[in-house]
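Enquirer: The structure is given below, and queries will be raised subsequently.
Laboratory data are not the source of any read-out in this text; all were calculated from the coordinates shown. Note that the coordinates shown come from a computational prediction; the quantities given were computed from them, not determined experimentally. Quick reminder, even Gly has a Cβ in these numbers, built from the backbone with ideal geometry, and neighbours come from all protein chains shown.
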C-alpha cells in the first residue's frame, strides 16, 4: 500500500484526531492533503471542526466533573490556568470564541471554563461556532497554500541524518525549557 493510499484511507481519521490533540498543524496539513486530492476538502473541513469541537467539549466536561480531582487541582495552580480564568471573567463569550486562536490557551482554557459557573448550553453553542470558524479557516489556509507548501517540501528532502539531528535539537530545546521552568517554579 502506498503512502497516498494510506492517507486517502485514513487521512480523515488522522485529521479528526489531530484537530483535537495537536491543532493547527494537522488541520493545515489536512488542507494540503485536500489540495493534492488525497481527501475531499469538505471532509477535511468537517472532521477538523468536529475533532476540535469534541476535544474541547471533553476538556470542558473534565473541568466541570473533576474540578476537585488532584490533576485538575494541579492545573488550577498553573499561571496559564489563572490567566485563562482572568480573561474568561472579563469577556466570557469572547474568550470562549477566541481561546483556540490564542497560543498557549488551547488545552487549558476549556478545563478552566469548565470549573466556572458558565452554563453548558452557552459553552456548547459558542464552542461550536468557534470550532466551525477555526476548522474551516485553517483547512482553507492549507488548501489555498497547498501548492506552495508542497513545492517547498519537494525542494527540501532531508536525509535521515538531518531529520535525526533536527529531532535531537528539538528534544534538547524542549527538555531545556522544561528544566528551566521547573527550576524557576522552585
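Enquirer: Return the calculated 222 nm mean residue ellipticity for the chain, to the nearest 500 deg cm²/dmol, obtained by summing -39500 (n - 2.57) across DSSP H runs with n ≥ 4 and dividing by the residue count.
Expert: Computed ellipticity for the chain at 222 nm equals -26500 deg cm²/dmol.
Enquirer: Something else now. Mind giving me the nanometre distance, one decimal, between the label points for residue 42 and residue 161, set 7 Å out from Cα along Cα→Cβ?
Expert: Distance between label points: 5.0 nm.
Enquirer: Largest first and in whole Å, give the semi-axes of segment 1-105's equivalent ellipsoid, each being the square root of 5 times a Cα gyration tensor eigenvalue.
Expert: Details: eigenvalues 215, 44, 23 Å².
Gyration-tensor ellipsoid for segment 1-105: 33, 15, 11 Å.
Enquirer: Also, quick follow-up: When mean projected area of the Cα convex hull in nm² is calculated directly from the model, which label among (i) 10.0; (ii) 14.9; (iii) 12.7 fits?
Expert: Comparing each candidate, only (iii) matches the computed number.
Enquirer: While we're here: Which ordering of 58, 41 is given by a fewest-first count of other beta-carbon atoms within 10 Å?
Expert: 58, 41
Enquirer: Ordered by packing density, taken as the mean number of other Cβ atoms within 10 Å over each peptide's residues, highest first, how do 124-135, 28-39 rank?
Expert: Final packing ranking: 28-39, 124-135.
Enquirer: Give me the one-decimal nm value for the distance between modelled label points at residue 186 and residue 101, 7 Å along each residue's Cα-to-Cβ direction.
Expert: Label-label distance for residue 186 and residue 101, simple model: 4.0 nm.
Enquirer: Sort 18-24, 100-106 by the packing proxy (mean of other Cβ within 10 Å over each peptide's residues), most packed first.
Expert: Answer by packing, highest mean first, reads 18-24, 100-106.
Enquirer: Cα axis of helix 3-21 to longest principal axis of the chain: angle in degrees, 0 to 90, nearest 10?
Expert: 10 degrees
Enquirer: Determine, for 45, 122, the number of other Cβ atoms within 10 Å of each Cβ, and report the residues in order from fewest to most. Walk me through the numbers on the way to the answer.
Expert: Working: 45 23, 122 13.
By the 10 Å Cβ count, ascending, the order reads 122, 45.
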